[in-house]
Each structure stands twice: as C-alpha cells, then as structure tokens.
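Reviewing the structure listed below.
The values are calculated or read from the model by the stated rules, or taken from the named source; none is laboratory data. Worth saying up front: this structure is predicted, and the values here are computed from it rather than measured. Cβ placement follows ideal geometry from the backbone for every residue including glycine, while neighbour counts extend to all protein chains displayed.
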Amino acid sequence: MKSFRSFITLALILGVFIAGFHLLSSLSFRGKASYLTTLDKELFQRPSSNHGENPFAVSRIVKFTIPFNLLESDLLNMNSLAFTSSSREVKHSVQTGIYDMSKNQLTHEFDQQNGVKDSKISVSADGKMILVSYMGMEDRSGATYVYDATTNSKRYTFNGTFAATWLPDSLRFVGMDDYLFVQNIKTGQRENLLNLTEYAGKHPKTSLSFYVLNDGQTVCLYSDVGNANLLLVDLETGKQWSSTLKGQIFNLVPIDNTNTAAVGLFEDQLGIFLYDAATNSLEPFIDLNNQKLIHISVSQDGKKLAYSILKNNVGGYGVEVHAVHLNNKKIISHEVIYKESNQFIDKLLWSKDSQMLYCFQQNTDGTTLYRITFNPS
C-alpha cells in the first residue's frame, strides 16, 4: 500500500512537471515569435508526378504575419523585404521600408510619398541597392529613388521616372520617363533608347510596360492596351525590332535569355504562352481553362514557374497555387502545391537561389506570407 501511494505521488509530481514545462514552452514561443509559425508540410506537399521524383517536394513551410498592407515588394535576402505600403491614415500616400521577417521588425523606413497612383520596386542582383518608382496621380508626374540597403540611405533621385528595373550588373537600370533609357548610377551616364511620347501616340506613356531578358541585353517594351504590340531593343547594339501578336497581352515574365512567359488572350484562348524573342514565335504553354490568373513568377534559374489562379466554387471561391518544372522550354512536371477556400494568394515571389517560394496574402490588418522551402533539385 505504501509503495502504491509513493507511485501515485511520483506520478502526480511528474505530471505537474510535464504540464509546467509545456506551459512555459508555449508562453516562450508566443512571447518571442507569435508572428512566425512553422506549418505541417503535408498541407502543401503533393505526390510525385508521372515523371518520377517530385521536384516540388516540400521540406518546410513558415508563415509570417507582417503588419503592413504591401503594395510592391522584392527580396533583399531570404529574411528581408524591401517594400512599399499604403498609408492607413492618408489617401494615396505610400511609404517605403525594409522589413526583417526573422525579427518581425521594420528595420528602416525611407521616404513617404503623397499623391501616388502606383509604385514599383526592384532590388539589384547583389541585394545591395533598391530602386523605388512612384507614378503620380497625373500621368506626367513620377519619381524614382535609389536607396543603399547596406547604409539605409538615399543615394540618387530621378524626377519624372515612373518605372525602373535593375540590369544584372547592379550598376545600371532601365527606366521610363519621356524616354526609355539606360542609366549608369556609377558614372552618371544616361543613354536614351526611345522617345516614349512619340511611340505611345494617342495612348498615355504610362500605359507602357517593359521587362528585361535574363542576360540583361534585350529590353522588351509592350502595352496592355489594344493589340499585343512589342518593341525589342538590343542594349549592346541599339538595334530595334517590332512585333505584333494577334491577341492581347496582360503580363510578360522573362524565363531565360530569349523566352518569356506571356499571359494573354490569343485565338480566344486564355492562358500562359511561350514567346521566343529570337524567332518571334508564340506557342501555347499552359491552358488556364478560362480561370482567372492572379499572379505569376519565374525563378531566377529559369527552371521553375509558379502561378496562382482563382477558382469559382459552389458557395464561394478558392485559390490554387501551381508549380511548373521547366527544362529547355519543356514542362517536366506540373503540380498543384497549395489550395485554399475563400482566400487569395495575391503575389508569388521566388528566392534568389530558386529554392524557396514566397506566397503573399493581403488581409485587412496586414499581410500574411508563406515561405515554402523545397528540397534541392
């Protein structure tokens, strides 16, 4: 009897100790990292494809909660974002900053701009410089700022420039004001490539967009107004050539040195097409089955493409995130890696090493971000 009582006493002490340990662990986690949650990877992982091993096997998913409604963002590194965010107090006011996800901290806040209609952000390939472009409420107004992420300082201002993106050398960028131009921030040299006012004609120049192919040698200028008219410029030779595709372009995202993923409507088919700038050819790539595409992103190595689509469900809607493995313009694997009901995935962004996919979800009080890490391929 005495030994039985001793056993019961020991069991009670052990139970209290275990319960206390779990309580302290829970409090510690909530106090230090309530903004960060590690999720069960089975929520995202899908079985292997018919092509063998699944290139999108998930090793880890981390959920971050960021207390800002992000308008535009780009990665400085795997834990830090350069971003623009709309002000909750002042209409058409936008702030720019750097957010450290690992520390749940706004590490630096740059300028706040008023009267902003749109913003764009681009981080240099070396992760040291940030380009932030603002388009004003009037078509002729705009400005681009160059920030040094290593010193958190503003380096240069380019008034009138409403869009800009870095070239691979991290010293030059392509921008648009009255011209499409290339600016060298080290030497200060500027080269005008095209008079945009003349090229745009009756349409405002702000209706034009551009992207740079991965080798940094070719710039493609296009408009989402009317037919799919493209103008390509070789930055080395200055050679220009135009192309008209029978259809409508909504977005263009470079895959490699010649090929681009073109989201558009061609021959009454809504989908993702493959545009080859070298041969000026367009071919079907991914059929969206008339579902609305929300966002698309291509990894820097050109081997992975992710896109999110909106699916109409009974009694609501749902979102799917698809991941596509590419090899020499061919689809090796096409997987649905995430599904969610009554939620949007507003933006997708690949890490610089092409091993992580960031999924952005806007909420009323901020932004939820999922960082999915895939097993090395």
- [ ] Pull up region 326-363, narrow it to residues that are among the polar types (S, T, N, Q) and touching an Asp or Glu at 6+ places or on another chain (Cβ under 7 Å), then point me to the one that is surrounded by the fewest Cβ atoms within 10 Å (Cβ to Cβ).
- [x] Gln362
Task: Every residue from region 66-124 that is assigned to a strand (DSSP E or B) and among the aliphatic types (A, V, I, L, M) - done: Ile66, Leu70, Leu71, Leu75, Leu81, Ala82, Val94, Ile98, Leu106, Val116, Ile121, Val123
Task: Residue, modelled with the highest pLDDT, within region 256-299, restricted to residues that are in contact with a Leu (Cβ under 6 Å, 6 or more places away or on another chain), surrounded by fewer than 14 Cβ atoms within 10 Å (Cβ to Cβ) and more than 20 Å from Leu349 (Cα to Cα) - done: Glu283
TODO: Kindly indicate whether any position in region 144-160 is more than 17 Å from Thr258 (Cα to Cα), of a type in the set (Phe, Trp, Tyr) and in contact with a helix residue (DSSP H, G or I) (Cβ under 9 Å, 6 or more places away or on another chain).
DONE: no
- [ ] Just give me the residues in region 321-361 being closer than 23 Å to Leu71 by Cα, in contact with a Ser or Thr (Cβ under 8 Å, 6 or more places away or on another chain) and in a strand (DSSP E or B), in sequence order.
- [x] Val321, His322, Lys347, Leu348, Leu349, Trp350, Met356, Leu357, Tyr358, Cys359, Phe360, Gln361
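Table: residues versus (1) closer than 19 Å to Thr161 by Cα; (2) outside the structural domain of Met137 (by TED's automatic domain parsing).
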site: Tyr179; (1), (2): yes, no
site: Ile185; (1), (2): yes, no
site: Gln189; (1), (2): yes, no
site: Leu194; (1), (2): yes, no
site: Tyr199; (1), (2): yes, no
site: Lys202; (1), (2): no, no
site: Thr218; (1), (2): no, yes
site: Asn229; (1), (2): no, yes
site: Asp234; (1), (2): no, yes
Open item on the list: Yes or no: region 125-143 includes at least one residue that is among the hydroxyl-bearing types (Ser, Thr, Tyr), in a loop (DSSP other than H, G, I, E, B), on the phi < 0 side of the Ramachandran plot and more than 19 Å from the chain's Cα centre (by Cα).
Closed with: yes
TODO: Return the total of residues in region 147-165 being in a loop (DSSP other than H, G, I, E, B) and surrounded by 13 or more Cβ atoms within 10 Å (Cβ to Cβ).
DONE: 5
TODO: Report the residue count in region 270-298 for those that are out of contact with any strand residue (DSSP E or B) (no Cβ under 7 Å at 6 or more places or on another chain), closer than 20 Å to Leu231 by Cα and outside any strand (DSSP E or B).
DONE: 2
Task: Unique residue being of a type in the set (A, V, I, L, M, F, W, C) and farther than 25 Å from Leu326 by Cα when the list is Ile255, Ile185 - done: Ile185
